[in-house]
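Scroll down for the structure; my scribbles are underneath it.
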Amino acid sequence: MRNTLLILLLCPLLSFSQINKYIRQALKLQNPQQQIVLLDEALTIDPKHLDALFYRAIAKYNLEDYDAAILDFTKIIFYEPDADSYYNRGNCKFNLLDYQGALLDYEKALELDPDLIGTYFNLGNTKFYLGNYKAAVSDFNKVIRSFPSDYKAYSQRALAHMKLEHYKLAFKDFGACILLRPNSKSYYNRGYALLEINYYDKAKADFLEAIAINSNNVPAYFYLGVSSFLLGEFDKTVTYLSIATRKDPKDYDAYLGLAMGYYNLNALDDAKAAFEKAKRLLDSKNNTISVFKNTYWEVNEPQHFKTLFKKLSLL
């Protein structure tokens with residue numbers, strides 16, 4: 001009888017030891033699929049082992065199998081709710097574009113662990129995509145207060161300010177990005193913010209800097225052309241927008257700007273050719289202004305566009 005009891009006591013201990021062995025082996029591997037094989041073995045022994053479920057969910061996340069990862073995180077939350085599982089399940093939902101679901105999970109994670117500051121960044125991004133820009137700014141503020149050198153938080157807060165049309169605040173945040181990480185994207189973003197508040201000279205300087213750092217920053221050439229056009233520098237408008245069309249032959253906005261630049265230089269044949277190219281890219285042969293609805297020029301520079309559209313249509 002004593003021997004039987006000893007065996008019964010040892011079996012759970014041996015099983016526990018085997019589970020931990022599978023988990024340790026899995027964590028030493030770099031391949032998520034191989035990790036899942038070992039973690040499946042661990043979960044065959046104990047389907048409710050929380051660590052094995054968590055690491056398998058992370059492996060599935062790394063494979064971008066977000067639905068399967070959600071199932072594992074949900075099991076953990078059912079057995080023993082914790083902030084990390086809510087946070088990671090929120091990440092899965094965010095990647096599946098389920099922003100409302102992600103929002104609820106991030107909020108629950110912060111309810112369980114208010115010190116999980118990184119969650120505020122993801123929560124801010126979620127609110128941004130839900131169109132709640134003011135609340136997004138508030139969340140990015142919390143990240144920046146705890147991590148004053150967080151480049152991404154400044155960048156995302158700047159984009160939220162842009163949506164709120166708080167252009168000067170966006171400009172300040174993009175300036176912080178340049179101080180923290182003076183790369184092409186940072187200069188481009190600040191240039192765009194400056195363009196929105198009609199600081200054309202300063203915007204142009206930032207776009208030039210963006211291109212100097214990275215000559216493949218294609219949108220920067222387009223906005224260089226826009227800045228030059230708004231400054232009345234039509235020769236430079238043509239130069240920069242010609243580069244934009246070479247780098248992106250399907251950019252109808254660049255061709256339309258090119259047509260307007262050529263027209264102002266009295267290069268009417270070139271203006272007509274660029275105008276026709278823009279229409280072809282928009283898959284239209286008629287000359288009605290509705291063809292260009294929602295283009296950059298129609299939305300952002302309607303006065304310039306409407307005046308020049310009439311003239312270009314007569315060529």
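What tally of residues in the stretch 266-278 results from selecting those that are closer than 16 Å to Phe305 by Cα and either basic (Lys, Arg) or in contact (Cβ under 8 Å) with a residue 12 or more places away in the chain (or both)?
So the count comes out to 5.
Have a look at Lys75, Lys142, Lys93, Lys134 and point out the one that is touching a Lys or Arg at 6+ places or on another chain (Cβ under 9 Å), in a helix (DSSP H, G or I) and under 30 Å from Cys177 (Cβ atoms).
Numbers: Lys75 fails: under 30 Å from Cys177 (Cβ atoms); Lys142 fails: touching a Lys or Arg at 6+ places or on another chain (Cβ under 9 Å); Lys93 fails: touching a Lys or Arg at 6+ places or on another chain (Cβ under 9 Å).
Only one candidate passes the filter, namely Lys134.
Quick grid of which residues meet (1) modelled with pLDDT under 85; (2) farther than 20 Å from Ala68 by Cα; (3) hydrophobic (A, V, I, L, M, F, W, C):
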| position | (1), (2), (3) |
| --- | --- |
| Ser15 | yes, yes, no |
| Asn20 | no, yes, no |
| Leu27 | no, no, yes |
| Gln34 | no, no, no |
| Leu38 | no, no, yes |
| Phe54 | no, no, yes |
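Checking Asp84 against (1) modelled with pLDDT under 95; (2) within 25 Å of Tyr129 (Cα to Cα); (3) of a type in the set (Asp, Glu): exactly one of these is not met. Which one?
(1)
Return the pair list, or none, for Cβ contacts closer than 7 Å from residues in the stretch 295-310 that are on the phi < 0 side of the Ramachandran plot to residues that are part of a helix (DSSP H, G or I) and among the small types (Gly, Ala, Ser), at least 6 apart or on different chains.
Taking only residues 6 or more apart or on different chains, the pairs are Trp297/Gly257.
Inspect the stretch 215-232 for any residue being part of a helix (DSSP H, G or I), without any contact (Cβ under 8 Å) to a residue 12 or more places away in the chain and out of contact with any strand residue (DSSP E or B) (no Cβ under 8 Å at 6 or more places or on another chain) and give the result as yes or no.
No, the stretch 215-232 contains no residue that is part of a helix (DSSP H, G or I), without any contact (Cβ under 8 Å) to a residue 12 or more places away in the chain and out of contact with any strand residue (DSSP E or B) (no Cβ under 8 Å at 6 or more places or on another chain).
Taking the stretch 301-315 on its own, how many of its residues are part of a helix (DSSP H, G or I) and open to solvent by 60 Å² or more (accessible area, probe 1.4 Å)?
6
Of the residues Ala274, Ala244, only one is over 16 Å from Gly232 (Cα atoms), assigned to a helix (DSSP H, G or I), hydrophobic (A, V, I, L, M, F, W, C) and under 26 Å from the mean Cα position of the chain (by Cα); which?
Ala244
On the given criteria, is Leu230 open to solvent by 10 Å² or more (accessible area, probe 1.4 Å) and either basic (Lys, Arg) or modelled with pLDDT under 90 (or both)?
No, not satisfied.
Can you pull out every residue in the stretch 121-136 that is under 20 Å from Leu97 (Cα atoms) and either over 16 Å from the mean Cα position of the chain (by Cα) or not hydroxyl-bearing (Ser, Thr, Tyr) (or both)?
Passing the criteria: Phe121, Asn122, Leu123, Gly124, Asn125, Lys127, Phe128, Leu130, Gly131, Asn132, Ala135, Ala136.
Please specify each residue of the stretch 221-261 satisfying the condition of being of a type in the set (S, T, N, Q) and over 18 Å from Pro302 (Cα atoms). Before the answer, list the steps.
Applying the first criterion (of a type in the set (S, T, N, Q)) to the stretch 221-261 yields 227-228, 237, 239, 242, 245.
Within the stretch 221-261, Thr239, Ser242, Thr245 meet the criteria.
Which is open to solvent by less than 30 Å² (accessible area, probe 1.4 Å) and closer than 27 Å to Phe128 by Cβ, of Ala26, Ala57, Ala52, Ala42? Spell out the reasoning first.
Details: Ala26 fails: closer than 27 Å to Phe128 by Cβ; Ala52 fails: closer than 27 Å to Phe128 by Cβ; Ala42 fails: closer than 27 Å to Phe128 by Cβ.
From the options Ala26, Ala57, Ala52, Ala42, the qualifying one is Ala57.
If a residue must be over 23 Å from Ala153 (Cβ atoms) and buried (at least 22 other Cβ atoms within 10 Å of the Cβ), how many such residues does the stretch 196-213 contain?
So the answer is 3.
Check Leu179, Leu241 and return the single one that is within 29 Å of Lys293 (Cβ to Cβ) and of a type in the set (A, V, I, L, M, F, W, C). Spell out how you get there, then give the answer.
On the way: Leu179 fails: within 29 Å of Lys293 (Cβ to Cβ).
It is Leu241.
The values are calculated or read from the model by the stated rules, or taken from the named source; none is laboratory data. Computed from a predicted structure; not experimentally measured. Methodologically, a virtual Cβ is constructed for each residue, glycine included, from the backbone with ideal geometry; neighbour enumeration extends over all protein chains shown. Ligands, DNA and RNA are stripped out before the accessible areas are found, and what is left, the full protein with its side chains, is counted by its heavy atoms. Shrake-Rupley method; radii C 1.70, N 1.55, O 1.52, S 1.80 Å.
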